[in-house]
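The values are calculated or read from the model by the stated rules, or taken from the named source; none is laboratory data. Fair warning: this is a prediction, and the values are worked out from it, not measured in the lab. All Cβ positions, even for glycine, are placed from backbone atoms using ideal geometry, and neighbour counts span all protein chains on display. Just so you know, the surface numbers come from the protein's heavy atoms only, side chains and all, with ligands and any DNA or RNA stripped out. Shrake-Rupley method; radii C 1.70, N 1.55, O 1.52, S 1.80 Å.
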Amino acid sequence: MVLIGENLNIMSRTIGPALKEKNPAPVQEMAKAEAEAGVDYIDLNIGPARKAGDEMMAWVVETVQGVTDKALSLDTTNPVAMEAGLKAAKGKALINSISLQPDRLEQELPLVKKYNASMIGLLWGVEGMPRDANERAMLAVDLMYKASEAGIANEDIWIDPILTPVSVEINQLKACFEFMAMLKDIAPECKSTVGLSNISNGTPNHLRPYLNRTCMIMLMKHGLYSAIVDAFDSELISIARGNKPEIVDLVHRVMDGDKPDLASLSEEEAKYVKTVRVITGEALYSHSWLEI
Ligand code: THG
């Protein structure tokens with residue numbers, strides 16, 4: 001699995017001020033730490049960057065490239081900032097992300113081609129969030145068609161079905177999984193990604209990793225190609241690298257309908273099983289889902 005580190009973002013208490021003040025030390029420390037943690041890409045999330053976004057993106061790309069050769073994922077809704085980042089990036093960059101609003105497509109699809117980048121295709125349409133798996137499928141097909149018109153190969157499109165918090169609306173989460181199961185038939189050459197930490201938004205911090213890890217394992221069953229992750233969850237990285245096959249097996253068995261006796265499992269295994277049940281909607285989410 002291809003891992004994209006999410007930690008270098010403008011919302012972070014250390015990174016936000018450093019980006020605004022162009023203070024390289026915190027940015028370079030974060031980039032180095034993410035690289036050492038073992039991610040494949042470093043996401044550079046500068047937000048909407050309405051004011052001098054081009055300068056900010058070029059600066060952060062150069063600053064990060066000063067300490068690591070990792071591939072970069074460029075995350076901003078400002079197309080001028082995006083182009084400045086693409087110009088500064090040495091390797092093949094990943095545009096995070098392009099949604100299906102006509103103005104976004106018109107401005108950003110040509111950039112994918114011009115800079116030989118790859119792109120995350122965010123399944124967010126003119127009417128906002130797709131309501132179910134079929135609407136996601138229609139958006140994905142539409143996106144592939146428009147990208148193809150712009151000369152972009154399907155291999156350069158990483159479809160993001162938009163993962164939503166488990167604590168908010170379980171049907172949206174189910175739709176995301178249902179769509180992921182369909183994607184390999186709809187678009188076998190396309191890649192896929194999700195922002196894994198979205199699922200645990202609103203969950204107490206110390207419990208978030210269980211949701212993130214279990215969700216990743218569940219999506220791996222449907223062939224998930226990549227994920228945007230907390231680079232500092234070493235257990236999650238270890239699972240993604242194939243070092244925890246027993247946990248992966250267990251989660252996949254439970255998805256297939258196996259109902260292991262929780263008393264026969266280790267405490268850790270039982271947590272994963274309970275978390276699968278919450279993510280599938282079989283059990284109701286509450287902050288105390290692991291204790292029930
Ligand atoms: N798809 C795509 N890109 C994305 C997302 C997605 N980028 C943004 C987001 N979703 C994924 N990245 C994050 C980054 C941080 C957090 C969640 C998702 C997060 N941060 C802590 C918080 O808000 O509590 C704060 C951590 C800090 O202070 O640094 O939860 O879905 N294509």
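What do you reckon, is residue 241 in contact with a Gly (Cβ under 9 Å, 6 or more places away or on another chain), more than 13 Å from the ligand (Cβ to nearest atom), touching a residue at least 24 places away in the same chain (Cβ under 8 Å) and among the basic types (Lys, Arg)?
On the way: in contact with a Gly (Cβ under 9 Å, 6 or more places away or on another chain): yes; more than 13 Å from the ligand (Cβ to nearest atom): yes; touching a residue at least 24 places away in the same chain (Cβ under 8 Å): yes; among the basic types (Lys, Arg): yes.
Judged against the criteria, residue 241 is a match.
Within region 171-183, the set of residues being within 19 Å of the chain's Cα centre (by Cα) and surrounded by fewer than 22 Cβ atoms within 10 Å (Cβ to Cβ) comprises 172, 174, 177, 178, 181, 182. In region 112-133, of all residues being open to solvent by 10 Å² or more (accessible area, probe 1.4 Å) and free of Cβ contacts under 8 Å to residues at least 40 places away in the same chain, the one that is nearest to the ligand (Cβ to nearest atom) corresponds to 124. Just checking, does region 132-143 include any residue being within 17 Å of residue 223 (Cβ to Cβ), outside any helix (DSSP H, G or I) and touching a helix residue (DSSP H, G or I) at 6+ places or on another chain (Cβ under 8 Å)? No, every residue in region 132-143 fails to be within 17 Å of residue 223 (Cβ to Cβ), outside any helix (DSSP H, G or I) and touching a helix residue (DSSP H, G or I) at 6+ places or on another chain (Cβ under 8 Å).
Restricting the first member to region 15-35 and to residues that are more than 9 Å from residue 63 (Cα to Cα), and the second to residues that are open to solvent by 30 Å² or more (accessible area, probe 1.4 Å) and hydroxyl-bearing (Ser, Thr, Tyr), the beta-carbon pairs closer than 7 Å and six or more apart or on different chains are 26/14. The single residue among 111, 86 that is at pLDDT 95 or above, more than 24 Å from residue 16 (Cα to Cα) and assigned to a helix (DSSP H, G or I) turns out to be 111.
Of all residues assigned to region 161-168, none qualifies as being away from the ligand (no atom under 16 Å from the Cβ), more than 19 Å from residue 272 (Cα to Cα), open to solvent by 30 Å² or more (accessible area, probe 1.4 Å) and not polar (S, T, N, Q).
With respect to being over 16 Å from residue 217 (Cβ atoms), in contact (Cβ under 8 Å) with a residue 40 or more places away in the chain, hydrophobic (A, V, I, L, M, F, W, C) and within 16 Å of the ligand (Cβ to nearest atom), residue 183 fits the description.
The conditions are (1) surrounded by fewer than 22 Cβ atoms within 10 Å (Cβ to Cβ); (2) in contact with a helix residue (DSSP H, G or I) (Cβ under 8 Å, 6 or more places away or on another chain), and residue 27 fails exactly one of them. Which is it? Only one criterion is unmet by residue 27, namely (1). Reported count of residues in region 67-111, each being under 18 Å from residue 161 (Cα atoms), within 14 Å of the ligand (Cβ to nearest atom) and not polar (S, T, N, Q), is 6.
Being in a helix (DSSP H, G or I) and open to solvent by less than 30 Å² (accessible area, probe 1.4 Å) is the filter here, so list the residues in region 191-209 that pass it. Show your work before the answer.
We begin by selecting, within region 191-209, every residue in a helix (DSSP H, G or I); these are 196-200, 205-209.
Listed by number, the residues that qualify are 196, 197, 199, 200, 207.
Of all residues in region 134-151 being of a type in the set (A, V, I, L, M, F, W, C) and open to solvent by 10 Å² or more (accessible area, probe 1.4 Å), which is nearest to the ligand (Cβ to nearest atom)?
So in region 134-151, the residues of a type in the set (A, V, I, L, M, F, W, C) come out as 137-141, 143-144, 147, 150.
With the extra rule that they be open to solvent by 10 Å² or more (accessible area, probe 1.4 Å), the set shrinks to 137-139, 141, 144, 150.
Numbers: 137: 18, 138: 19, 139: 14, 141: 19, 144: 17, 150: 19 Å.
That would be 139.
If the condition is being touching a helix residue (DSSP H, G or I) at 6+ places or on another chain (Cβ under 7 Å) and not basic (Lys, Arg), then region 261-286 contributes 262, 265, 269, 270, 272, 273, 275, 276, 279, 281, 283, 285.
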